[in-house]
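Q: Would you mind keeping the following structure in view while I ask a few things?
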Amino acid sequence: MTHFWQYFHSVLCDKLYEIPTVVDKDDGTKLLFENKFLFRPRVRQVRVEEGHCEIRNQFKGLFQDCYVPYEIKYEDKASFGPKKGTQWTYSDSSKTQGVSFRGEIATYGPGGFYFDFPKDKTNAKTTIKDLEHDTWLNRGTRAVFVDFAIYNCNINVVCAVKLVFEFPASGGIVSSSTFRTVKLYRYAVADSLFTLIGMLAVVGFVVYFTVEEIFEIMYFRKDYATVFWNYVDFGIVALGWWAIVVALMIVFKEKSSSGSNPWNAIAKTVTDRKSVEHLVARHESLVQLAAYLFFLVCIKVIKYTDLNRSMTIVYLSVGRCFKIVAGYLVIMIFVVSAFATLGYFAFGSQVKGFSTIYDSVLSSLRILMRDFDYKTLQDADAWFTTFFFVFFTCVMIFVLLTMLVAIVFHAYFDVDVEQSLGDRQSYVSDKVSAFVDRVLAWMGFDKWAGRRRTDRLNNELDRRVTYQDVYKILKRCRFTNSEVEKILNKYGIEPQKTVHEDEARQMFRDVLQNAPGSSKDDENSTSNESDIKWLIKRVDLLENALDDVHKKCDIVIARLDAIRVQLPPNYAEQKLQNNPASS
């Protein structure tokens, strides 16, 4: 208690009244010259009743009374001390204008015993001395809150400050603080045209996706709930509308209070202490909703990551091994929980990181990330710490995590083999290139667009596969080393040479077709489809070449026509008469 009163008297008062009253024309309502108090700092205390715990018979001679840890049902609402003034009589939330607060030890209610700091420093120190003399804090005190809010007109920011001093039943003080800042009128008035366009674009997208989801629900009905991505879309729409409602609440609240005088506008926006909490809560809710919305949008982007072959393989690999990894993670959760429980019983009484089951689980996960305080654990129990660390590392990292990586790699290689054996599919990059070609043609760059199409078709027809790629794919198809060597020698594939992609694909089909248990009809149909597609690509390339020749011929004919117009009508006859031998 002594340290608490010293802090209030020597530190807090000096900082709150750092500007002398003579300099501050507003009678001590400014902080650090640039900030102005919206309200007087208020100190609130919450207490617990005496007698809700039992003293053992062996210790009744030492202790006459006891006080339990804080719970709302044990909160003391009886007056104490001089029983005069709000600092000695209980007040509910309508008078304290407080809100519930979750601290380091417990969650505290909004009521309590409170007082406001006076206007000048001298009276404030006198008040603090009187409260210390009259024992305002005693064994029944469980928390003291110092609440105030300041406004900075230079950057248009309101900061709600809460200093918390918790007094656990075991003794001592646990201090913490929160500084919550919001910028006023951010959504009521657009700072720039770009901000306004961004707001309208977000609202437009939310409306568009809402209509789209409604049509999908009406069309698919019960089948709508069987697709995972529909849940992501529904979450995006729900969070989007929630964020719009919160933003509109902020806009209407701040727009109605905006005026020519900034301080009058602030006074209308912040009518009492509780309104500051509501103001900050609305802004924080909007930021959190935007964060959740951005997270779901990033998850949805994964659905459209088939930009090229590599990203498509990664996306398909995740989908291929998702169920296996999910089941495997359940095993990892049980193992981590077992080690966390072991650490809780072994180190819980000495190490803060293992003092609760929740903290113990987090500490176990931190060990996986190699982020932990080994020295603190070793000071608690050196031998058991070594055993715990080595055993946890061997089981979790060398066994479970390695197996998890192997599962993902196995799925990745399977998808890679399937993509290599299958026909080349169209990716987003191909569609973007085709769109760019159409734009170039529309702008008049026909030659450039045609050259891009020709180069792209040549690249597709000229794709090569290395010896190592062929060897890995054959090994993945469960061929032995001797069989792989025979196949490579049969088709003349050497380490220093490369094979055309279509030829390698045809070789894989022939090999798999001759393998036992293979379906020849399916292989033949697949081979025919591949040949047809290859011929189509060749025809497309030939058509592009003929188009170029046709355009060049048109240019030559146009130039000849222009020359013929400039010549006299009987030019050909005169030429023949002058040169009869040449005819």
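The values are calculated or read from the model by the stated rules, or taken from the named source; none is laboratory data. All values reported here derive from a predicted model rather than from experimental measurement. Here the Cβ is made from the backbone with ideal geometry for all residues, glycine too, and neighbour counts use every protein chain on show. Please note that ligands, DNA and RNA were not included when accessible areas were found on the heavy atoms of the full protein model with its side chains. Shrake-Rupley method; radii C 1.70, N 1.55, O 1.52, S 1.80 Å.
Q: Which condition does Val48 not pass, out of (1) farther than 12 Å from Arg139 by Cβ; (2) of a type outside the set (D, E, K, R); (3) under 51 Å from the mean Cα position of the chain (by Cα), if it passes all the others?
A: Answer for Val48: the failing condition is (1).
Q: Among the residues of region 203-219, are any open to solvent by less than 30 Å² (accessible area, probe 1.4 Å) and under 28 Å from Gln45 (Cα atoms)?
A: Scanning region 203-219, I find no residue that is open to solvent by less than 30 Å² (accessible area, probe 1.4 Å) and under 28 Å from Gln45 (Cα atoms), so the answer is no.
Q: From Ile397, Ile407, which residue is out of contact with any strand residue (DSSP E or B) (no Cβ under 9 Å at 6 or more places or on another chain), at pLDDT 85 or above and of a type in the set (Val, Ile, Thr)? Steps first, please.
A: Values: Ile397 fails: at pLDDT 85 or above.
None of the other options fit; the residue is Ile407.
Q: Tell me which residues, restricted to region 307-348, are under 30 Å from Val227 (Cα atoms), of a type outside the set (A, V, I, L, M, F, W, C) and in contact (Cβ under 8 Å) with a residue 12 or more places away in the chain.
A: If the condition is that a residue be under 30 Å from Val227 (Cα atoms), of a type outside the set (A, V, I, L, M, F, W, C) and in contact (Cβ under 8 Å) with a residue 12 or more places away in the chain, then Asn308, Arg309, Thr312, Tyr315, Ser317, Arg320, Tyr328 are the ones that fit.
Q: Any residue at all in region 295-303 that's without any contact (Cβ under 8 Å) to a residue 40 or more places away in the chain, over 29 Å from Val182 (Cβ atoms) and touching a helix residue (DSSP H, G or I) at 6+ places or on another chain (Cβ under 6 Å)? So that I can check it myself, show each step before the final result.
A: Let us first name the residues in region 295-303 that are without any contact (Cβ under 8 Å) to a residue 40 or more places away in the chain, namely 295, 298, 301-302.
Retained after the next criterion (residues that are over 29 Å from Val182 (Cβ atoms)): 301-302.
Checking which are touching a helix residue (DSSP H, G or I) at 6+ places or on another chain (Cβ under 6 Å) leaves us with none.
Scanning region 295-303, I find no residue that is without any contact (Cβ under 8 Å) to a residue 40 or more places away in the chain, over 29 Å from Val182 (Cβ atoms) and touching a helix residue (DSSP H, G or I) at 6+ places or on another chain (Cβ under 6 Å), so the answer is no.
Q: Something else about it: Within region 220-238, how many residues are open to solvent by 30 Å² or more (accessible area, probe 1.4 Å) and in contact with a helix residue (DSSP H, G or I) (Cβ under 7 Å, 6 or more places away or on another chain)? Write out each step before concluding.
A: The first filter runs over region 220-238 and keeps only residues open to solvent by 30 Å² or more (accessible area, probe 1.4 Å), leaving 220-223, 225-229, 231, 234, 238.
Restricting the remaining residues to those that are in contact with a helix residue (DSSP H, G or I) (Cβ under 7 Å, 6 or more places away or on another chain) gives 229, 234.
Residues that pass the stated criteria total 2.
Q: Go through (1) in contact (Cβ under 8 Å) with a residue 60 or more places away in the chain; (2) assigned to a loop (DSSP other than H, G, I, E, B) and name the single condition Glu132 misses.
A: Status for Glu132: all satisfied but (2).
Q: Right, next: I want to confirm something. Restricting to region 19-36 and keeping residues that are within 41 Å of the chain's Cα centre (by Cα) and open to solvent by 70 Å² or more (accessible area, probe 1.4 Å), which single residue is modelled with the highest pLDDT? Reasoning before the result, please.
A: Keep residues of region 19-36 that are within 41 Å of the chain's Cα centre (by Cα), which gives 29-36.
Narrowing further to those that are open to solvent by 70 Å² or more (accessible area, probe 1.4 Å): 30, 32-34.
On the way: Lys30: 59, Leu32: 58, Phe33: 67, Glu34: 75.
Selected residue: Glu34.
Q: Shifting gears a bit: Only one of these is of a type outside the set (Val, Ile, Thr), within 30 Å of Ile244 (Cα to Cα) and exposed (fewer than 13 other Cβ atoms within 10 Å of the Cβ): Phe334, Phe294. Name it.
A: Working: Phe334 fails: within 30 Å of Ile244 (Cα to Cα).
The match here is Phe294.
Q: Can you pull out the residues in region 379-408 that are within 30 Å of the chain's Cα centre (by Cα) and open to solvent by 60 Å² or more (accessible area, probe 1.4 Å)?
A: If the condition is that a residue be within 30 Å of the chain's Cα centre (by Cα) and open to solvent by 60 Å² or more (accessible area, probe 1.4 Å), then Phe398, Val399, Thr402, Met403, Val405, Val408 are the ones that fit.
Q: Would a scan of region 41-55 turn up a residue that is of a type in the set (Lys, Arg) and open to solvent by 50 Å² or more (accessible area, probe 1.4 Å)?
A: Filtering region 41-55 down to residues of a type in the set (Lys, Arg) leaves 42, 44, 47.
This time we only want the ones that are open to solvent by 50 Å² or more (accessible area, probe 1.4 Å), so: none.
No: zero hits.
One line per residue, one yes/no per condition, for (1) outside any helix (DSSP H, G or I); (2) modelled with pLDDT of 90 or more; (3) open to solvent by 60 Å² or more (accessible area, probe 1.4 Å); (4) not basic (Lys, Arg):
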{"site": "Ser275", "(1), (2), (3), (4)": "no, no, no, yes"}
{"site": "Arg282", "(1), (2), (3), (4)": "no, no, no, no"}
{"site": "Val287", "(1), (2), (3), (4)": "no, no, yes, yes"}
{"site": "Val314", "(1), (2), (3), (4)": "no, no, yes, yes"}
{"site": "Gly319", "(1), (2), (3), (4)": "no, no, no, yes"}
{"site": "Gly327", "(1), (2), (3), (4)": "no, no, no, yes"}
{"site": "Thr341", "(1), (2), (3), (4)": "no, yes, no, yes"}
{"site": "Tyr358", "(1), (2), (3), (4)": "no, no, yes, yes"}
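Q: From (1) in contact (Cβ under 8 Å) with a residue 24 or more places away in the chain; (2) open to solvent by 100 Å² or more (accessible area, probe 1.4 Å); (3) closer than 23 Å to Thr135 by Cβ, pick out the condition that doesn't hold for Phe63.
A: Result: Phe63 passes all but (1).
Q: Look at region 76-124 and say how many of its residues are polar (S, T, N, Q) and either crowded, with 16+ Cβ neighbours inside 10 Å or assigned to a loop (DSSP other than H, G, I, E, B) (or both). Full working, then the answer.
A: Restricting attention to region 76-124, the residues satisfying the condition of being polar (S, T, N, Q) are 79, 86-87, 89, 91, 93-94, 96-97, 100, 107, 122-123.
Restricting the remaining residues to those that are either crowded, with 16+ Cβ neighbours inside 10 Å or assigned to a loop (DSSP other than H, G, I, E, B) (or both) gives 79, 86-87, 89, 91, 96-97, 100.
Within region 76-124, residues that are polar (S, T, N, Q) and either crowded, with 16+ Cβ neighbours inside 10 Å or assigned to a loop (DSSP other than H, G, I, E, B) (or both) number 8.
Q: Going by the structure shown, is Phe347 open to solvent by less than 20 Å² (accessible area, probe 1.4 Å), under 27 Å from Leu368 (Cβ atoms), of a type in the set (Phe, Trp, Tyr) and modelled with pLDDT of 85 or more? Don't jump to the end; show me each part of the working.
A: Numbers: open to solvent by less than 20 Å² (accessible area, probe 1.4 Å): yes; under 27 Å from Leu368 (Cβ atoms): yes; of a type in the set (Phe, Trp, Tyr): yes; modelled with pLDDT of 85 or more: yes.
Taking the combined requirement at face value, the residue satisfies it.
Q: Give me the pairs, please: first residue somewhere in region 376-397 and under 16 Å from Ala338 (Cα atoms), second residue anywhere and open to solvent by 40 Å² or more (accessible area, probe 1.4 Å), beta-carbon distance under 6 Å, and either six or more positions apart or on two chains.
A: Every condition considered, the pairs that remain are Thr385/Gln378.
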